[in-house]
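Read-outs: derived from the displayed coordinates by stated rules, not from any lab. Note that this is a predicted model, so its numbers are computed, not measured. No Cβ is skipped: glycine too gets one built from the backbone with ideal geometry, and neighbour counts run over all protein chains shown.
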Amino acid sequence: MGIAELVDGPLWYFSVAVFVVGVAWRLARIIVAPARTEFSAVSSHAAGGAAAVFSRFLPRREMRAASAYQYGWGYLFHVTLFILLLFGRVHVEFYEARIFGFSWVTMPDWLFLLVSELSFAALLMLLLYRAMEPVTRLLSTRGDYFGSILILLVMLSGCMAMDQTAEPLRVIHLFLAEVLLIWFPFGSLMHAFLFVPSRAYTGAWFGRRGIAA
Amino acid sequence: MNKVPETTSFEKGVDAMKAQIDARVVSYLSSCVRCGVCADACLFYTETEDPRYTPIYKTEPIRKVFEHEYSFWGKLGARLGLKRPLQESDLADWETLVYDGCSMCSRCSMVCPVGIDIAYVIRKVKEGLAAAGYCPDDLVHAAERAIQIGSPMGVTAATLRATLRAQEKECGLPIPLDVEEAEYLCLLSSGEIAGYPEFIGSLAKILDHAGVSWTLSSEYFEATNSGVQLGSTPLARQLVERIVDVAEKLGVKTVIMPECGHAYSTLRWDAPNMLGRALPFGVVHVLELLETLYADGRISIDAGTDARLTYHDPCNISRRGGVVDAPRRLLGALAPNFVEMREHGAMNWCCGGGGGVSANSRAEPLRRRVFAVKKRQLDELGADMLVTACSNCRNMLADGLEDHEMNTELIGLTELVAENLVSDEAGSVPPVNPSA
């Protein structure tokens, strides 16, 4: 079996399995961890606590200026990433062939490249911020850098492989995407799922007190 | 580093932190993306620009325990020597970060993009530090006095009685003590008894005006909880049990928590969880009671001050307590020139002395430095009068105003209400004279 066959076949299935099982395991860890029963009398304003799951998508008024960099580049990266994943022609063709068996509307390749550049730039700005700002430099782990750099490499190789004329580039891109899937459940990329329980816990806690968190 | 010999044990600290790792903490420790947004919500960071004061960084000890004990990469990394597990020296380092550089104000918890209640996790770190004996001597001694004497400041029942006699003279009313089957039991903070006894006379005047059945207790009168400030749930539980015992013995329906922030949030929200059962009585903050009495027409208050007046929200009463609207309704009636600071209510800036910082003399220089944020808020507003509802905040604000030679008048909201009570028939009720 050649490298291309390995990446297209067994490694693809293995990476998807690790991703699915790993994510499920991380979520299950929260579900099976001991939960504390709340005994305090509920405030009359308790409804709406879970609204924090949605309200935290935007910074609070008091924090807008201070967090403009992280939110601005963060939003640009996340939104463009989802657009690329969901509407990139090559991606949709891949999903049709390998997962779903059907396709949907895609964006033209020139737009894909433009969005890719924006996404790449946003992630680069976030990575530079992480490495250069004293606060994030102090907080960040090797895993944080690894995850960011891995995504950058996936995007870079994806753009290079887009016209699918160079088979090695396609294989490299898919291989990096598979490494990303394998890494995903073990690092902070899991925030893509875990923001929901975290926001819900906090929203409920403050919501019981009548505070919109 | 201040080690308490009888409790020092690194393993105890680690075990205590492990015991705190429930579903909520697992979710929080797993979801942080280390974006650093929380830094700008913390006055200890904004006023020092020292990244070590970043709120989430203060949770590092429990994150390390979690990673080492429960995560695949943490276990593997430790075995391969790639990851350094928590060490005793870390506890010494984080003792100063957590006890001196965090007022547990929870402002960071309001801004985390992934929703981590960072103050909740810092509180869990405190459990470990306290269990290991890495906590400030001042807080340890305060907790010892609270357990042995019943007051972290050493205020005794005799001191209380003397204070009540003085306040009875000031307000011209008898102050009920140890009355069984009263509707309300009012607790006091030692800080009020020692520093702001006029709160008691003011409350007596208001409750007498409203015809409320109430009492104080000489057996146990302390509202504050040194166990919470230290970070020790076993100690906190002991102190809560004393309140429950005396309230049950007197047969009261509701306990009034005085102008003290953490005392209210502890009894109202945390105590039932410490005990594992609902409290057999209601808990109300004095501002909630005053606002209810006002809304029900049982007290009338006059717009008695023309001062440009603002309100400092005590974090544990507003953000962590949920009492945001009641003081504003009262102030709306009392002061036509009531103005809000730009950041107020659930996003107020802390006075800098919460979470035991005010009781920790080692933290005083830092605490005075971070007051700069409150000074900026007040300067921006140009207020003549600053009102608050927590004796600890009041002490911190008084210190800060003095340090910066500011002429802003400082007063407790309960006193302001008492000063502006209006009798239905005979005009204004005579004001309570502060016994400074």
Give me the one-decimal nm value for the distance between modelled label points at B:Asp22 and A:Ala41, 7 Å along each residue's Cα-to-Cβ direction.
2.1
With a sphere of radius 9 Å drawn around the Cβ of A:Ala4, what net charge do the other residues whose Cβ falls strictly inside it have (Lys, Arg +1; Asp, Glu -1)?
-2
With a Förster distance of 30 angstrom and the Cβ-Cβ distance between B:Asp15 and B:Leu76, calculated FRET efficiency to the nearest 0.05 equals 0.85
Please tell me which of these pairs span more than 29 angstrom C-alpha to C-alpha: B:Lys253/B:Lys374; B:Lys124/B:Lys253; B:Lys205/B:Lys253; B:Lys126/B:Lys374; B:Lys64/B:Lys375?
B:Lys253/B:Lys374; B:Lys124/B:Lys253; B:Lys64/B:Lys375
With the 8 Å Cα cutoff and a minimum separation of six or more residues, the stretch B:300-428 has a relative contact order in percent of 32
Between A:Ala66 and A:Ser103, what's the calculated FRET efficiency when r is the beta-carbon distance and R0 is 56 Å? Round to 0.05.
0.85
Helix axis angle, B:233-250 relative to chain B longest principal axis, alpha carbon, degrees
30
Which residue, B:Glu180, B:Glu241, B:Glu69, has the most motion in a Gaussian network model of chain B that connects Cα atoms within less than 10 Å?
B:Glu69
Amide H proximity to B:Glu409 below 5 Å, modelled H, separation 5+ or other chain, gives B:Met385, B:Leu386
What 222 nm value per residue comes from the helices of chain B, counting each DSSP H run with n ≥ 4 as -39,500 (n - 2.57) and dividing by all residues, nearest 500 deg cm²/dmol?
-14000 deg cm²/dmol
Relative contact order for the stretch B:171-216 using alpha-carbon pairs under 8 Å, separation at least 6, rounded to a whole percent?
67
Which whole number gives the average, over all residues in A:133-146, of C-beta atoms from other chains lying within 10 Å of the residue C-beta?
6
Given R₀ = 30 Å, FRET efficiency for A:Arg137-A:Phe82 by Cβ-Cβ distance, to 0.05?
0.60
With the dipole of the stretch B:5-135 defined by +1 on each Lys or Arg Cβ and -1 on each Asp or Glu Cβ, the option from B:Cys32, B:Gly13, B:Gly101 whose Cα lies farthest towards the positive pole is B:Cys32
Give me log10 I(q)/I(0) at q = 0.09, 0.11 Å⁻¹ for the protein assembly as shown, Debye formula, one equal scatterer per alpha-carbon, no solvent.
-0.78, -1.07
Please state the shape class of the stretch B:97-254: rounded when a/c is under 1.5, otherwise prolate if a/b exceeds b/c and oblate if not, all from the C-alpha gyration tensor.
prolate
Set of the stretch A:181-213 residues, backbone N closer than 15 Å to the point 7 Å along the Cα-Cβ line of A:Ala50:
A:196-208
Rg [Å, one decimal], Dmax [Å, integer] - the stretch A:75-176, C-alpha atoms
15.1, 48
